[in-house]
1. Determine the gain in length on full extension of the stretch residue 8-residue 167; use 0.36 nm per residue of separation and subtract their C-alpha separation, reporting nm with one decimal.
2. As an exercise, use a Förster radius of 45 Å and the Cβ-Cβ distance of residue 331 and residue 93 to find the FRET efficiency, rounded to the nearest 0.05.
3. State, to one decimal in nm, how far the label point of residue 287 lies from the label point of residue 127, with both points 7 Å from Cα in the Cβ direction.
4. More than 17 Å apart: what percent of Cα pairs in region 308-365 qualify?
5. What order, most packed first, do the peptides 68-77, 317-326, 115-124 have when packing is the mean number of other Cβ atoms within 10 Å of each residue?
6. Where the centroid of each part is defined by its Cα atoms, how far is region 206-285 from region 291-366 in Å?
7. Can you compute the modelled spin-label distance between residue 280 and residue 77, with each label point 7 Å from Cα toward Cβ, in nm?
8. 7 Å from Cα along Cα→Cβ at both residue 26 and residue 116: what's the point-to-point distance in nm?
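Please treat every number below as a calculation from the coordinates, not as lab data. A quick note: this is a predicted structure, and the numbers were derived from the prediction, not measured. Neighbour counts run over all protein chains shown; Cβ positions are idealised from the backbone, glycine included.
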């Protein structure tokens, strides 16, 4: 049963191969087994690749099965269409397009399996890329908010500086009227005289202005600090909103790009392995000598070609014979007097009708 299944996989004519020797059958069983297991590897590879896209086992398995059957059909077609000829160069020429197609199939099959085999290394590359993307994302978002944040901080600093300057002026006036009272500066008279009262009034006025300035500027500072807090919160919220996109970065294309950043040699060996598997049935048919099955297939094809050529020749001969008979029949008829008189009569009637029609038309015009 298994032998019959692999023979079907090889694309041979089961009627012809059943009449061949066991050795000849085993050759095509090996080719069919290679075709089948290549399709199985294609199913596994495509299922994994599609799982990274859809993140669903059932969808990945369903599409993977379709892809595996497609690869199976292509491989079976490639192997079954290679015919053994007496010239090796002609065999190689007819196999060249099929080998190119096999190379493409090998690339398609090997790439998803490489992604699975080097999954840990790819995850490390993706982690580094995600970290860098996170830093770049924060930098880009900060560039949107930093100018406004710096502007608010400068405005807060200006308001605080106004208070500091006013406090400094008020303190200087305080020291002036105290020094006047102690007789250290100004009139240098100890006691609270007119000069002392004048300086004390200036200080009190400045102190009242300082209190008003503090109240006004603190309200302004509070408003700006609230705006600054909201701005920073908006920035953090935007970072948090965009972070899941970076966290989920790891689809099929990202993994393929990460794989290309890994050393080339391991990937090359895996590709060469699948290339050898994919092209082995073709190479086996090219290298193997012309066998019993090939002779029987060639004999059957030649028999069909000869039969078709015979049928075409018979049809051509029949057509030519019919043409010759028709010519002879019409030549004989053309010499009969009765046919001549009949045709002459009809031609005269036709000319009379034409003359009458022309006469009536001319009358209408006049």
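1. Contour length minus Cα-Cα distance gives 47.2 nm.
2. 0.25
3. So the label points at residue 287 and residue 127 sit 4.4 nm apart.
4. Counting every Cα pair in region 308-365, those more than 17 Å apart make up 66 percent.
5. Highest mean packing first, the order is 68-77, 115-124, 317-326.
6. 82
7. 2.4
8. 3.2
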